[in-house]
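Since the structure comes first, as structure tokens, the remarks are kept for the end.
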Amino acid sequence: FQRQALDGLHILITAGPTQENIDPVRYITNHSSGKMGFALAEAAAEAGARVTLVSGPVHLPTPDRVSRIDVVSARDMLAACEAAMPCDVLIAAAAVADYRPEVVAQHKLKKDPSSGEGMLLQMVRNPDILATIAGRDDRPFSVGFAAETENLLEYASRKLRDKNLDLIVANDVANPSIGFNSEENAITVIDRELQQTSFAQTSKGKIARQLVTLIAERLNKN
Ligand code: C5P
């Protein structure tokens with residue numbers, strides 16, 4: 001692991017889940033712990049980068065020499081990322097909610113006896129933070145994650161293309177020992193030439209250092 005591999009570069013990292021409010025007391029979210037994104041922020045700072053970490057609600061300490069911005073919703077996360085631009089590298093490790101409730105009720109929703117046993121919540125698409133930043137004229141070297149439970153490499157390479165990425169990190173969240181909230185990970189990184197690099201199961205800290213090293217090598221080649 002090279003301590004100066006990212007010297008002088010600004011690395012923007014998204015981490016954690018987003019929370020999408022339904023009403024003043026309820027929200028929709030997911031199982032992301034933020035561990036992988038925080039481990040990446042730590043590794044990038046150790047490699048000499050200036051790191052901006054935009055994080056959804058998580059229970060993790062901020063790594064040394066990392067500037068952290070806390071956000072709640074996907075739209076907040078996009079605004080924080082846009083405000084942090086320009087950057088040399090974006091690593092999007094956040095598990096962003098794809099949809100949010102169309103309206104946030106001003107008051108706590110009450111059970112409605114006239115609607116029987118069911119209730120419908122109308123949802124709308126959230127912006128894609130990674131695709132938005134990777135689509136800008138000043139786009140950074142862009143790295144995404146594909147957490148899948150099936151057809152991992154096929155879905156991951158499709159995302160690489162659709163979101164205009166330089167690298168996509170595929171991980172199999174159907175495997176509980178490397179999925180959401182676990183201490184370890186195992187990944188396959190796919191580049192634009194569809195060349196694959198795999199890192200065997202180990203701690204998220206070690207995976208983060210391996211990934212930061214790979215990103216630094218690819219930056220030097222560009
Ligand atoms: O399409 P999918 O959500 O599986 O893509 C995952 C990748 O895209 C991750 O890198 C994630 O951080 C990013 N993403 C995003 N904004 C969204 C949805 C996903 O940045 N609204």
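Considering only beta bridges that DSSP places wholly inside the chain, some 40 percent are antiparallel. Once Lys and Arg get +1 and Asp and Glu get -1 on their Cβ, which of LEU153, VAL96, THR197 lies farthest toward the positive end of the dipole of the chain? Most positive-ward Cα: VAL96. I'd like the projected area of the chain, averaged over all directions, using the convex hull of its alpha carbons. Report it in nm² with one decimal. Computing the convex hull of the Cα atoms and averaging its projections yields 13.3 nm². Applying the Karplus relation 6.51 cos²θ - 1.76 cosθ + 1.60 with θ = phi - 60° to the range 108-121 yields 3J(HN,Hα) values of 4, 5, 9, 4, 9, x, 6, 9, x, 8, x, 8, 10, 10 Hz, where x marks Gly and Pro. The accessible surface of the chain, taken with every protein chain in place and a 1.4 Å probe, is 48 percent carbon and sulfur. Taking a Cβ cut-off of under 14 Å around ILE178, the surrounding Lys, Arg, Asp and Glu residues balance to a net charge of -1, with basic ones at +1 and acidic ones at -1. Per residue, the accessible area of the chain comes to 53 Å² when a 1.4 Å probe rolls over the protein heavy atoms.
Charging the Cβ of each Asp and Glu at -1 and of each Lys and Arg at +1, and nothing else, the dipole of the range 38-175 about its Cα centre rounds to 380 debye.
Stokes-Einstein diffusion for the range 45-162, with the hydrodynamic radius set to the Kirkwood value over Cα pairs and evaluated at 25 °C in a medium of 0.890 mPa s, equals 144 µm²/s. The separation of the range 1-63 from the range 98-154, counted between C-alpha centres, amounts to 19 Å. On the principal axes of its alpha carbon atoms, the range 123-178 extends 38, 30, 18 Å, with the longest extent given first.
The values are calculated or read from the model by the stated rules, or taken from the named source; none is laboratory data. Small disclaimer: the values here were computed from a predicted structure and weren't measured. Please note: Cβ atoms are built from the backbone with ideal geometry, for glycine as well, and neighbour counts cover all protein chains shown. Note: accessible area is taken over every heavy atom of the protein model, side chains too, but ligands, DNA and RNA are not part of it. Shrake-Rupley method; radii C 1.70, N 1.55, O 1.52, S 1.80 Å.
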